[in-house]
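K.L.:
I'd like to ask some things about the structure below.
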Amino acid sequence: MTVWIALMFLSLMLMLMLGYPVAFTLGAIALLFGGVFLGFDFFHLLPLRIWGVMTNFTLLAVPLFIFMGIVLDKSGLAEDLLETMGLLFGRLRGGLAISVVIVGGLLAATTGVVGATVVTMGIIALPTMLRRNYSKQLSTGTIAAAGTLGQIIPPSIVLILLGDVMGVPVGRLFIGAVVPGMLLVLLFLVYISIHAWRRPEVAPAITAETDEHLLRKVCLTLLPPLVLVVGVLGSIFFGIASPTESAAVGAVGALALAALHRQLTLDRLQEAMRLTTRLTSMVFLILIGATAFGLVFRGMGGDRLVLDVMTSLPGGTLGFLVASMILIFLLGFFLDFLQICFIVVPILAPIAATLGVDLLWLAVLIAINLQTSFLTPPFGFSLFYLKAVAPKEIRIQHIYQGIIPFISIQVATILLLCLFPILVTWLPDLMDRMQGL
């Protein structure tokens with residue numbers, strides 16, 4: 001049976017790399033191997049599992065946060081932020097790149113939609129950076145990396161899915177990801193500042209006339225998204241609302257911001273609802289397929305096989321952690337975050353619990369690791385999004401070269417969190433004490 005379990009997993013990886021639809025591939029392989037080795041009566045358990053997925057109250061936050069992100073993307077928020085931050089930091093060496101990272105962090109805390117963020121900043125910021133003689137590598141790398149911050153900075157769809165898969169309360173996971181997310185932004189800014197200081201020609205300062213209304217513009221531009229962030233995340237942090245309830249607050253807040261920008265038209269609202277339905281359907285179809293695959297995988301004894309392999313690694317818990325992080329990082333070159341989240345993480349989480357690993361800490365490590373899958377060639381989605389909107393002089397080689405330092409920073413962040421788990425656990429523990437838990 002060990003050989004057939006390995007063949008089942010390898011068949012899945014091969015089919016996914018060949019480009020077959022994820023949800024249907026998961027379901028088809030589950031039916032094939034389950035029907036042969038377990039019998040079709042085994043699938044009587046599947047409807048109950050699917051019913052559990054579809055009635056999961058926590059997962060209701062997924063369409064609400066997706067809707068919030070799409071509405072904000074259509075509201076012109078990103079354009080206003082980029083223009084204002086460019087005025088504020090442009091006079092510094094590397095100031096435009098610093099602006100892109102700060103805007104990426106703000107958009108991550110409001111929209112969290114990687115594709116929309118990368119495309120928007122690629123259309124608006126990239127031509128400006130190139131006109132100001134920024135290097136192609138630094139410009140493209142900064143935009144691609146800043147666009148992926150929505151994967152770790154809450155409210156993040158990845159964190160919601162990881163919380164559900166790993167059995168970690170999503171509210172605590174959001175709180176635990178705040179410090180690592182801010183640390184990642186800080187490290188991006190430090191790298192850009194040092195790089196621009198050492199090599200001024202790659203990120204020159206720009207001379208521009210002082211805007212006498214700059215302070216007012218900064219306040220008016222930053223205040224609305226900050227109010228929305230406080231409303232969504234603050235209600236979770238202080239126990240006022242659950243993640244799902246705060247997602248509803250965020251959706252209403254996004255509609256209000258779009259109305260303030262005079263961008264809330266019937267056509268845009270219909271488009272936002274259509275895109276939300278499509279993206280949500282994709283996520284849940286993959287989740288249902290992964291549920292079927294996981295059921296058969298466990299029924300064939302795959303979970304026990306993986307447990308035996310992982311617990312026999314040298315180094316015990318440390319060996320398991322290193323092997324898990326390397327596995328997820330390597331799979332990120334070929335699979336997207338949803339596939340890894342629904343296929344690999346459910347196998348690793350029970351083993352981590354058996355070894356006594358803090359699942360909250362592990363979930364944040366996995367989230368940052370999954371973030372690299374958007375940047376690693378050949379299938380990094382951020383690279384494709386950026387190339388699609390980049391000027392003709394930008395070649396894919398420029399983007400590949402530009403993202404290497406930022407991938408290295410993300411790996412370094414994972415190492416820091418491994419060495420200092422308190423960076424993840426400190427804030428959730430503090431909020432628990434404040435609430436008397």
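K.L.:
Pick out, from the range 155-236, the helices (runs of 4 or more DSSP H) lying fully within it that include 1 or more residues that are within 30 Å of ALA290 (Cα to Cα) and either over 24 Å from the mean Cα position of the chain (by Cα) or among the hydrophobic types (A, V, I, L, M, F, W, C) (or both).
P.N.:
Fully inside the range 155-236 and qualifying: 157-166, 170-198.
K.L.:
If I filter the range 366-389 down to residues being open to solvent by 20 Å² or more (accessible area, probe 1.4 Å) and either hydrophobic (A, V, I, L, M, F, W, C) or at pLDDT 85 or above (or both), which single residue comes out as nearest to ALA323 (Cα to Cα)?
P.N.:
Here is the first cut: in the range 366-389, the residues open to solvent by 20 Å² or more (accessible area, probe 1.4 Å) are 377-379, 381, 384-385, 387-389.
Subset that is either hydrophobic (A, V, I, L, M, F, W, C) or at pLDDT 85 or above (or both): 379, 381, 384, 388-389.
Working: PHE379: 22, PHE381: 25, PHE384: 29, ALA388: 35, VAL389: 37 Å.
Filtering the range 366-389 for residues that are open to solvent by 20 Å² or more (accessible area, probe 1.4 Å) and either hydrophobic (A, V, I, L, M, F, W, C) or at pLDDT 85 or above (or both), the one nearest to ALA323 (Cα to Cα) comes out as PHE379.
K.L.:
Okay, moving on. Among the residues that make up the range 84-92, is at least one of them more than 21 Å from GLN401 (Cα to Cα), at pLDDT below 85 and of a type in the set (Lys, Arg)? Write out each step before concluding.
P.N.:
Taking the range 84-92 and keeping what is more than 21 Å from GLN401 (Cα to Cα), we get 84-92.
If we keep only those that are at pLDDT below 85 as well, we get 84-92.
Checking which are of a type in the set (Lys, Arg) leaves us with 91.
Yes; the residues of the range 84-92 include at least one that is more than 21 Å from GLN401 (Cα to Cα), at pLDDT below 85 and of a type in the set (Lys, Arg).
K.L.:
Would it be correct to say that LEU335 is of a type in the set (A, V, I, L, M) and under 25 Å from VAL179 (Cα atoms)?
P.N.:
no
K.L.:
Here's another thing I want to ask about it. In the range 180-204, which residues are closer than 17 Å to ILE403 by Cβ and open to solvent by less than 30 Å² (accessible area, probe 1.4 Å)?
P.N.:
Result: LEU184, VAL185, PHE188, ILE192, VAL202, ALA203.
K.L.:
THR413: among the hydroxyl-bearing types (Ser, Thr, Tyr), in a helix (DSSP H, G or I) and open to solvent by less than 10 Å² (accessible area, probe 1.4 Å), yes or no?
P.N.:
yes
K.L.:
With respect to LEU370, determine if the residue is without any contact (Cβ under 8 Å) to a residue 60 or more places away in the chain, part of a helix (DSSP H, G or I) and in contact with a Cys (Cβ under 8 Å, 6 or more places away or on another chain). So that I can check it myself, show each step before the final result.
P.N.:
Numbers: without any contact (Cβ under 8 Å) to a residue 60 or more places away in the chain: no; part of a helix (DSSP H, G or I): yes; in contact with a Cys (Cβ under 8 Å, 6 or more places away or on another chain): yes.
Considered against the rule, which asks whether it is without any contact (Cβ under 8 Å) to a residue 60 or more places away in the chain, part of a helix (DSSP H, G or I) and in contact with a Cys (Cβ under 8 Å, 6 or more places away or on another chain), LEU370 comes out as no.
K.L.:
Then there is this: Of everything in the range 154-169 that's aliphatic (A, V, I, L, M) and open to solvent by 10 Å² or more (accessible area, probe 1.4 Å), which residue is farthest from PHE384 (Cα to Cα)?
P.N.:
Taking the candidates together, the pick is VAL168.
K.L.:
Going through LEU321, LEU269, LEU275, LEU260 one at a time, which residue ends up being out of contact with any helix residue (DSSP H, G or I) (no Cβ under 6 Å at 6 or more places or on another chain), closer than 21 Å to GLY76 by Cα and surrounded by 14 or more Cβ atoms within 10 Å (Cβ to Cβ)?
P.N.:
LEU269
K.L.:
So which residues in the range 374-410 are under 22 Å from MET182 (Cα atoms), part of a helix (DSSP H, G or I) and touching a helix residue (DSSP H, G or I) at 6+ places or on another chain (Cβ under 7 Å), if there are any at all?
P.N.:
The answer is SER382, GLY402, ILE403, PRO405, PHE406, ILE407, ILE409, GLN410.
K.L.:
Quick check on my filter: what residues within the range 218-245 are among the small types (Gly, Ala, Ser) and either open to solvent by 40 Å² or more (accessible area, probe 1.4 Å) or more than 15 Å from LEU72 (Cβ to Cβ) (or both)?
P.N.:
The answer is GLY234, SER235, GLY239, ALA241, SER242.
K.L.:
Residues that are within 17 Å of the chain's Cα centre (by Cα), at least 2 per element: which helices (runs of 4 or more DSSP H) completely within the range 275-361 meet that?
P.N.:
The helices (runs of 4 or more DSSP H) meeting that bar are 317-331, 337-343.
K.L.:
Here's something else I'd like to know. I need the full set of residues from the range 103-134 which are under 13 Å from the mean Cα position of the chain (by Cα) and more than 17 Å from THR221 (Cβ to Cβ), in order please.
P.N.:
Answer for the range 103-134, where residues must be under 13 Å from the mean Cα position of the chain (by Cα) and more than 17 Å from THR221 (Cβ to Cβ): GLY112, VAL113, VAL114, GLY115, ALA116, VAL118.
The values are calculated or read from the model by the stated rules, or taken from the named source; none is laboratory data. These figures come from a predicted structure and were not determined experimentally. When we count neighbours, we look across all protein chains shown, and the Cβ atoms used for this are built from the backbone with ideal geometry, even at glycine. For the accessible areas, the whole protein counts, side chains as well, though only heavy atoms, and no ligand, DNA or RNA atoms are used. Shrake-Rupley method; radii C 1.70, N 1.55, O 1.52, S 1.80 Å.
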